[in-house]
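Take a look at the structure below.
The values are calculated or read from the model by the stated rules, or taken from the named source; none is laboratory data. Fair warning: this is a prediction, and the values are worked out from it, not measured in the lab. Reconstructed Cβ throughout: ideal geometry from the backbone, glycine too, with neighbour counts over all protein chains shown.
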Ligand code: PMV
């Protein structure tokens, strides 16, 4: 009754911000994302009668893993002494994990307690949300360990109940999460496999502290923004444009819509009550640099999640140039290079 899964984080080109049903995590709009090859979570789950209570460990990535599997992680911001393995779990994280195990026990009709060990390929302090990869890996590992064998659709629905964006980390490559009125209809599916289009998501890490307001908390106030109505009105149109860009491999269209969407969602955040400002001065500096580089002929676009780190979307041919330029910006702590990746998978290397 032990299983291990590996799941990628994802970056949304069309983003999810706000729910029509809080408990079921049903989104206000559909979203489209790309799974990330260099940011993932590995999770091992075991259900056993020998556990008298739930045991949850969330390990930070270790320095040895950085040199082995994270060749793209530059060491400018984090010395190997700082990057040791840390075992930590805060109360809120643990409660969410245990809540998810409860759902899975109910489905599997078992009553055993579980041990869960989880590890990210990126430092959680890097400010990259680990909830998508974390809940996707937990869903796959825990259902398997509980004796269930679920379809991709069922896994995506279940992952969504743990963390909305996690449902997009189950299928492969370029993914759409369908907005719907019922739980059974709101799940994610693959639009194209990872090798369909050789794009890059190059993350400029500008801040290493965890954000003060989580996305779950932040989006609860979305209805207080007078701009929400305008945002939702344009959504269908934007989704169609991104799908067209994917179909025709039209990078310019993909980039323009992605950037427009990032600015739009942050305007909604900033006009909520109370206002949410996720950007830092460095975020704006990088945004302006991207616009300048583009004016000079480098095809590159940005997007930003609920945080201050900037994701630069470019084509494989421009990867080196973008990294070189980013490293010259004072204050950029690290750079993570991602390709489109496959979704959640079971693996044989258990963490305990
Ligand atoms: O599912 P959550 O709570 O990780 O929310 C994700 C929110 C954004 O990252 C801002 C947008 C998205 O669609 O990923």
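Taking the stretch 315-339 only, how many residues are closer than 29 Å to residue 216 by Cα and surrounded by 15 or more Cβ atoms within 10 Å (Cβ to Cβ)? Total meeting the criteria: 8. Of all the residues in the stretch 298-337, those that are closer than 19 Å to residue 249 by Cα and in a loop (DSSP other than H, G, I, E, B) number 2. In the stretch 161-185, the residues that are without any contact (Cβ under 8 Å) to a residue 60 or more places away in the chain and closer than 18 Å to residue 131 by Cα form Cβ pairs under 7 Å with partners that are within 15 Å of the ligand (Cβ to nearest atom) and assigned to a loop (DSSP other than H, G, I, E, B), at six or more places apart or across chains, as follows: 167/187.
Of all residues in the stretch 254-276, those being in a loop (DSSP other than H, G, I, E, B), under 25 Å from residue 130 (Cα atoms) and in contact with a helix residue (DSSP H, G or I) (Cβ under 6 Å, 6 or more places away or on another chain) number 2. Scanning the stretch 334-351 for residues that are touching a helix residue (DSSP H, G or I) at 6+ places or on another chain (Cβ under 8 Å) and closer than 17 Å to residue 42 by Cα returns 341, 342, 343, 344, 345, 346. Answer yes or no as to whether residue 211 is within 20 Å of residue 120 (Cβ to Cβ), at pLDDT below 95 and within 16 Å of the ligand (Cβ to nearest atom). Yes; evaluated as a whole, the condition is true for this residue. In the stretch 226-247 there is no residue matching the filter, namely being under 13 Å from residue 305 (Cα atoms) and either within 15 Å of the ligand (Cβ to nearest atom) or at pLDDT below 95 (or both). If the condition is being surrounded by 24 or more Cβ atoms within 10 Å (Cβ to Cβ) and away from the ligand (no atom under 14 Å from the Cβ), then the stretch 24-41 contributes only 40.
The single residue among 318, 305 that is closer than 15 Å to residue 201 by Cα and within 16 Å of the ligand (Cβ to nearest atom) turns out to be 305.
Note on the stretch 134-178: residues that are surrounded by fewer than 24 Cβ atoms within 10 Å (Cβ to Cβ), under 14 Å from residue 345 (Cα atoms) and in contact with a strand residue (DSSP E or B) (Cβ under 6 Å, 6 or more places away or on another chain) total 3. Selection of the stretch 286-301 for residues being in contact (Cβ under 8 Å) with a residue 40 or more places away in the chain and farther than 22 Å from residue 207 by Cβ yields only 299. If you take the residues of the stretch 1-23 that are within 13 Å of the ligand (Cβ to nearest atom) and part of a loop (DSSP other than H, G, I, E, B), which of them is farthest from the chain's Cα centre (by Cα)? Across the stretch 1-23, the extreme among qualifying residues is 22. Considering (1) more than 16 Å from the ligand (Cβ to nearest atom); (2) under 30 Å from residue 334 (Cβ atoms), the lone condition that residue 120 does not fulfil carries the number (1).
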